[in-house]
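Trainee: My structure is below; once you've seen it, I'll send some questions.
The values are calculated or read from the model by the stated rules, or taken from the named source; none is laboratory data. For clarity, every value in this text was computed on a predicted model and none was experimentally measured. Backbone-built Cβ (ideal geometry, glycine too); neighbour counts: all protein chains shown. These area figures cover heavy atoms from the full protein model, side chains too; ligands, DNA and RNA do not enter into them. Shrake-Rupley method; radii C 1.70, N 1.55, O 1.52, S 1.80 Å.
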Amino acid sequence: MILVTGATGTIGSELLRQLAARGEKARALTRDPARAQVPAGVEVVRGDYHEPASVEAAMSGVTALFAVGVLGPGDADADAALVAAARAAGVRRVVKLSAIGTGDPAMGPVANWHLGGEQAVKASELEWTVLRPSLFASNTLSWADAIHSGNPVPNLTGTGTQGVIDPRDVSEVAAETLLAPGHTGRVYTLTGPELLSTADQAAALAEILERPVVTVDVPPDALREQFREAGMSETYAEGVLAGTAYVRKGGNAVLTEEVARILGRAPRTYAQWARDHKEAFTRN
Ligand SMILES: NC(=O)c1ccc[n+]([C@@H]2O[C@H](COP(=O)([O-])OP(=O)(O)OC[C@H]3O[C@@H](n4cnc5c(N)ncnc54)[C@H](OP(=O)(O)O)[C@@H]3O)[C@@H](O)[C@H]2O)c1
């Protein structure tokens, strides 16, 4: 039985689809089972990282855990609690979703968000694997409204490029590392096949949608103001701002071969992701 946390999120929901397709037994943890849509055969349990007893109960009979405990600064305790509950329940394997650049001081505070969680996993004596994906292609779903109304999409990172990854590839690597031998004690930095700037992503999307997708540069001060207006905590905002500055300077222009090595095929391109999600940008 594989317990998937973050089960209603981008990576967890696709991981559940892949596990179900492979005939694996899986359990989805969510704060709201009534709203969770999971593939047939997947168990759904209510669990909240802020209610340890609910997480402990979800571990019953579990052999492997997919851990998505960290969603912002100060969440490392959620991963540590997941790991502790897993150990107590006799879980054998844990795969932790982390992020590219974790532990790199040049990236600023955002590089520390996953650090405590990674440390908890590595110190757990479980068979652990850490996945550090690059920027998800699916982040551009947040452009849909702007594109639909003919407005420019925000460019937070100037000409900085990143190894944009299709989240389906992250989920497929997660499934593989949960199920196959040979991934214990490994930290995998996962990227797509090409380095893309925001403008490159906009151009790829424009070609597929057959309409212009214009970008507008959002300088750091304007972004800070937007975060303040949105009520984002100072800690969160400063972490994200330092991260975008790092990308602007080219710090995240990283490509790896890990996806191809683990899956035995090339990672999907951003254009492929965009083609497969075209309807999200064209709906009325
Ligand atoms: N976006 C990127 O470009 C990117 C790149 C690299 C790494 N990452 C990492 O990816 C992770 C996020 O993964 P994702 O995008 O798949 O997630 P997501 O789509 O943001 O979904 C968040 C998930 O967390 C669950 N959740 C939130 N609060 C919870 C709580 N208190 N207790 C239990 N579950 C809770 C939600 O479940 P319910 O609402 O159903 O409870 C939901 O399934 C982060 O750690 C981030 O650092 C993201």
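A quick yes/no check of all residues on (1) within 20 Å of the chain's Cα centre (by Cα); (2) near the ligand (Cβ under 9 Å from one of its atoms):
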site: VAL44; (1), (2): no, no
site: GLU51; (1), (2): no, yes
site: PRO73; (1), (2): yes, no
site: ALA76; (1), (2): yes, no
site: ALA85; (1), (2): no, no
site: GLY103; (1), (2): yes, no
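Trainee: Now for a separate question. Return the residue satisfying two criteria in turn: it lies in segment 90-115 and is charged (D, E, K, R) and in a loop (DSSP other than H, G, I, E, B), and of such residues it is surrounded by the most Cβ atoms within 10 Å (Cβ to Cβ).
Mentor: Here is the first cut: in segment 90-115, the residues charged (D, E, K, R) are 92-93, 96, 104.
Okay, now just the ones that are also in a loop (DSSP other than H, G, I, E, B), so 92, 104.
Values: ARG92: 12, ASP104: 14.
Among them, the one singled out is ASP104.
Trainee: Restricting to segment 22-36, give me the number of residues that are more than 10 Å from the ligand (Cβ to nearest atom) and over 19 Å from LEU65 (Cα atoms).
Mentor: Here is the first cut: in segment 22-36, the residues more than 10 Å from the ligand (Cβ to nearest atom) are 22-27, 34.
Subset that is over 19 Å from LEU65 (Cα atoms): 34.
Of the residues in that region, 1 qualify.
Trainee: On to the next question. Where in segment 116-228 are there helices (runs of 4 or more DSSP H), lying wholly inside it, with at least 2 residues that are within 14 Å of the ligand (Cβ to nearest atom) and surrounded by 17 or more Cβ atoms within 10 Å (Cβ to Cβ)?
Mentor: Values: elements: 144-148, 167-179, 198-209.
Because the criterion is at least 2 residues that are within 14 Å of the ligand (Cβ to nearest atom) and surrounded by 17 or more Cβ atoms within 10 Å (Cβ to Cβ), the helices (runs of 4 or more DSSP H) in segment 116-228 that meet it are 167-179, 198-209.
Trainee: Please go through (1) in contact with an Asp or Glu (Cβ under 8 Å, 6 or more places away or on another chain); (2) under 17 Å from SER124 (Cα atoms) for ALA80 and return the number of the only condition it doesn't satisfy.
Mentor: If we test ALA80 against (1) in contact with an Asp or Glu (Cβ under 8 Å, 6 or more places away or on another chain); (2) under 17 Å from SER124 (Cα atoms), just (1) comes out false.
To keep it simple, each residue is scored yes or no on (1) out of contact with any Phe, Trp or Tyr (no Cβ under 7 Å at 6 or more places or on another chain); (2) part of a loop (DSSP other than H, G, I, E, B); (3) on the phi < 0 side of the Ramachandran plot; (4) open to solvent by 10 Å² or more (accessible area, probe 1.4 Å).
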position	(1), (2), (3), (4)
LEU16	yes, no, yes, no
GLU24	yes, yes, yes, yes
ARG27	yes, no, yes, yes
ALA40	yes, yes, yes, yes
SER60	yes, yes, yes, yes
LEU65	yes, no, yes, no
